[in-house]
C-alpha cells in the first residue's frame, strides 16, 4: 500500500477492532502511535507504541496532538454502549445517554479538532471514524449508541467537506456483527429481562442474530476492518471521501 514510515495515530488501539487496525498499519511498516483509556493489555507488536488517553478530555487529546509531528492518518476506533437493552427506548432513562454520546460522538469531535491542523499542515492524509450499521438503521437494541453513531456519520460528512480543500480525506467504517467486548455487552444486556429458562448463551444468541440480519450469514472479522482502514489510508483511495463503508455481511442492505 506504499505506506512505509507514515505516522498513524489510532485511538482505541488496545483491543478489538482498534487493535486490529493498529496491527494492520504496523504490518505496512507504518509508525503507529496507539492510544486508549485502558492500556493494561499486551503491547502492540513491532515498533508500535501504546499510551493512555481519555478521548472525552479535549485537554488530553490536544496534548497528544501537540506532541506529535508528521501525522498522516488518524483513526478513531472508540465506542461504548449503554449496557442496557433499549427496546423499547423507555427501558432506558435519559441519564443513560450522556456517557454514550460523550464517548462515541464528542470524543471523535475532540480528536478531529485536535488533529485537523496537523493533517492540514501535512497537506494530505486521512481521518477515519469507526461508526456502526446501528447508526444507519435506527437500531432499537441500544438507542443512545445508535443515535451517537448516526451523529458520527453526519459529522464525518461535515469534516470531509471542510478538509477536502486541504487534500485530507475523511470517511467512516461501519462494522456489523464482530466478536468484540462491545458486541458481548449487547448480548448481556439483551438477556437481563428474560426469565432464566429463556436466556441464551452468547454463541447461540450471536449465531441466531447473524442468521436473521446478515444475508451472508457469518461473523465479520476485525482483520477485515483493518484491511479496509489500511486501503482507505492509501493512495488507492485518493478519491474516496465523505463515505460510510459497511463491512457487515449485507446487514444494511437487508434492513
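Which residues, counting only those in the stretch 217-229, are at negative phi and surrounded by fewer than 21 Cβ atoms within 10 Å (Cβ to Cβ)?
Going through the stretch 217-229, the residues at negative phi turn out to be 218-229.
Within the stretch 217-229, 218, 219, 221, 223, 224, 227, 228 meet the criteria.
For the stretch 164-187, which residues satisfy the criterion of being farther than 16 Å from residue 76 by Cβ and either out of contact with any helix residue (DSSP H, G or I) (no Cβ under 8 Å at 6 or more places or on another chain) or touching a residue at least 40 places away in the same chain (Cβ under 8 Å) (or both)? Talk me through it step by step, then tell me what you get.
First pass over the stretch 164-187, keeping only residues farther than 16 Å from residue 76 by Cβ: 164-167, 176-179, 181, 183-187.
Result: 164, 165, 166, 167, 176, 177, 178, 179, 181, 185, 186.
Please find, among 7, 37, the residue that is within 20 Å of residue 101 (Cα to Cα), at pLDDT 95 or above and more than 13 Å from the chain's Cα centre (by Cα). Write out each step before concluding.
On the way: 7 fails: within 20 Å of residue 101 (Cα to Cα).
Exactly one of 7, 37 is within 20 Å of residue 101 (Cα to Cα), at pLDDT 95 or above and more than 13 Å from the chain's Cα centre (by Cα), namely 37.
Return the residues of the stretch 1-21 that are crowded, with 24+ Cβ neighbours inside 10 Å and in a strand (DSSP E or B); say none if nothing qualifies.
Going residue by residue through the stretch 1-21, those that are crowded, with 24+ Cβ neighbours inside 10 Å are 8-13, 17-19, 21.
Passing the criteria: 8, 9, 10, 11.
Can you tell me which residue among 47, 63 is more than 26 Å from residue 101 (Cβ to Cβ) and either touching a residue at least 24 places away in the same chain (Cβ under 8 Å) or more than 20 Å from the chain's Cα centre (by Cα) (or both)? Before the answer, list the steps.
Values: 63 fails: more than 26 Å from residue 101 (Cβ to Cβ).
Exactly one residue qualifies, and that residue is 47.
How many residues are touching a residue at least 12 places away in the same chain (Cβ under 8 Å) and either over 18 Å from residue 137 (Cβ atoms) or in contact with a strand residue (DSSP E or B) (Cβ under 9 Å, 6 or more places away or on another chain) (or both) if we restrict to the stretch 207-216? Give the steps one after another, and end with the answer.
Going through the stretch 207-216, the residues touching a residue at least 12 places away in the same chain (Cβ under 8 Å) turn out to be 209-210, 213-216.
Next, from what is left, pick out any that are either over 18 Å from residue 137 (Cβ atoms) or in contact with a strand residue (DSSP E or B) (Cβ under 9 Å, 6 or more places away or on another chain) (or both): 214.
Result for the stretch 207-216: 1.
If you check residue 161 against the conditions, is it more than 28 Å from residue 183 (Cβ to Cβ), in contact (Cβ under 8 Å) with a residue 40 or more places away in the chain and in contact with a strand residue (DSSP E or B) (Cβ under 6 Å, 6 or more places away or on another chain)? Please lay out each step first, then the result.
Working: more than 28 Å from residue 183 (Cβ to Cβ): yes; in contact (Cβ under 8 Å) with a residue 40 or more places away in the chain: yes; in contact with a strand residue (DSSP E or B) (Cβ under 6 Å, 6 or more places away or on another chain): no.
When the stated conditions are applied, residue 161 does not pass them.
Would you pick out the residues in the stretch 139-161 that are over 20 Å from residue 230 (Cβ atoms) and out of contact with any helix residue (DSSP H, G or I) (no Cβ under 8 Å at 6 or more places or on another chain)?
So in the stretch 139-161, the residues over 20 Å from residue 230 (Cβ atoms) come out as 139-155, 157-159, 161.
Selection gives 154, 157, 158, 161.
Between a first residue in the stretch 191-206 that is surrounded by 14 or more Cβ atoms within 10 Å (Cβ to Cβ) and a second residue that is in a loop (DSSP other than H, G, I, E, B) and modelled with pLDDT of 90 or more, which pairs have beta carbons less than 6 Å apart while being 6 or more apart in sequence or on different chains?
Listed pairs, sorted by first residue: 191/199.
For the stretch 140-173, which positions are under 15 Å from the mean Cα position of the chain (by Cα) and surrounded by fewer than 23 Cβ atoms within 10 Å (Cβ to Cβ)?
Residues of the stretch 140-173 under 15 Å from the mean Cα position of the chain (by Cα): 145-156, 170-173.
Selection gives 147, 150, 151, 153, 154, 155.
The values are calculated or read from the model by the stated rules, or taken from the named source; none is laboratory data. Just so you know, these numbers come straight off a predicted model, no measurement behind them. We place every Cβ from the backbone using ideal geometry, glycine too, and count neighbours over all the protein chains shown.
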